[in-house]
Amino acid sequence: MRLTDQPRSKRRLVVAAAAATLALTVVAVPPTVGAAESSLPSGNTEYRTLADYEADMAELATEHPDLVKPITLPYATTSGRTVHGIEISRDVDVDNGKPVFVNVGMHHGNEFPSGELTMEFAIDLVESAAAGDPYVTRLLDEARVVVVPVVNVDGFVRGRRQTDTNTDMNRNYGLGWLPISTGGAAAWSEPETRNIEWLLSTRQATVFNTQHTCIQVVLYPPLQLEAGPAQDVDRLHALASQVAAAYGPNYKALPSAEDYETTGEAIDWAYFATRGLSITTETCPDAGVARTYQTQVLDVYDEHRQAAFTMLETAADPAEHAVIAGQAPKDAVLRITKSFDMYTSPYLQADGSTRPSSFTTTLTDDLDIASRNGKFEWSVNPSYRPIPAYQASGVEGNQTGFYTEPWILTCERPDGTVLQTVPVNVDLGERVTVDLKECRREFHRDRS
């Protein structure tokens, strides 16, 4: 019997050796009460353990190396666990400058359905593409999907909301951070939040979704009413409304602050740092319905699939990102970078003053030029960054403008030698062609 002929639950055992290096120590497991039958892509009828998640990701990468590439996030958790994910795209190993949809689950370690729905959609994408589904194939030709089903690994294995420092990682992101009891020792104090910072800072994520439970709402920035509407409120609301509509008529789309005000959320930093559309998707059964695997995973998956495809289609839409194009030498490395200061909310400092703290965000991404003629089209987030309400002076709400802040593009040899530097200003939906003739002239010149 071939590996792919076996039920996925049994196939996990076959790939266990491939996952053996993934630090699979499990302290606790989710509830195992499931359902008798399943129409999920995996065929599962109960919640996964961490070992199951890691085996499923390893299996997808092993069986479909042209579609799936494993990734390891750079920071081990407080308790030393590794956070794993996968990238999904057609010709996934080719660096082709596609726009990106980043989809993550379980910021809160006890919100088990959020990881299940995230993982099931990843399996769905891969198996649909492998079967030749033309719709999925087209989307994976046009975009790249990054999936991390469990971002708070320590919280998940212990079955609790917080990390192992008793921090709610969705209160630990730097923008607008405050030292609340669950916010962490400082902004970005948690390795789990720094992992997501790295993930979004090194990819052109046109859409970022963080999956949660348990209310029926899709949220977008800002996190506090005082901040006022985000500059791209119409775009954010449009995406959130489409996603909410996919789940059903009881779901609402609204700014996070109108649900309840909080501090240090992922989506605020993500939007104001990258201008990628950033949303928090919350799913939950109707009031009075028991919360089981059946009601929170099986019964909602078809709607979730439609919602996730809406996000992926948005990421692939040329109107929702920018493009840098040109011609570079074959084997050159193009790099875009920008670095800027951002601020927390004002809070009482050690010197007795009440003021914000600053932190630096650096965005950087590479594109390897593999084509013989060197022509490239690089889908990037706009260089025009929305001005946040959180400033060195405090909270300055109702900002409407954007920083005119170019991407700094360098054309380099593979050894890192910079041959040309070009500032690139490119706005939403725009295409800018850069002239790299200096790099082309110098690239093959004698390097001795």
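Throughout, read-outs are computed from the coordinates displayed, never taken from laboratory work. Please read all numbers here as calculations on a predicted model, not as lab measurements. Here the Cβ is made from the backbone with ideal geometry for all residues, glycine too, and neighbour counts use every protein chain on show.
Below, the figures for the structure above:
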item	result
Pair Tyr260, Thr337: separation of 7 Å Cα→Cβ label points (nm)	4.2
Whole-angstrom gap from the stretch 163-187 to the stretch 74-129, using each part's C-alpha centre	23
Order of Lys98, Lys437 under a 10 Å beta carbon neighbour criterion, fewest first	Lys437, Lys98
Listed residues Ala143, Ala389, Ala238, most fluctuating in the chain (Gaussian network, C-alpha, under 10 Å)	Ala238
Ranked His64, His84, His107, criterion: other C-beta atoms within 10 Å, fewest first	His64, His84, His107
Least to most buried among Ser357, Ser42 (fewest other Cβ within 10 Å first)	Ser357, Ser42
Loop-located chymotrypsin sites (Phe, Trp or Tyr not before Pro) in the stretch 55-125 whose Cβ has at most 13 other Cβ within 10 Å (DSSP)	none
The chain - share of DSSP beta bridges that are antiparallel (%, nearest 5)	65
Between the stretch 233-284 and the stretch 396-445, the Cα center-to-center distance that results, in Å	30
Whole-Hz ³J(HN,Hα) from phi, Karplus 6.51 cos²θ - 1.76 cosθ + 1.60, for the stretch 163-168, glycine and proline x	6, 6, 9, 6, 9, 7
Within-13-Å neighbourhood charge of Val150 [Cβ basis; K, R +1; D, E -1]	-4
Total lysine pairs under 25 Å (Cα atoms) in the chain, excluding pairs fewer than 8 apart on one chain	14
Most fluctuating residue given options Gly115, Gly397, Gly132, as computed from a GNM of the chain linking Cα atoms under 10 Å	Gly132
Check: the stretch 322-443 dipole with +1 on Lys, Arg Cβ and -1 on Asp, Glu Cβ, in debye	300
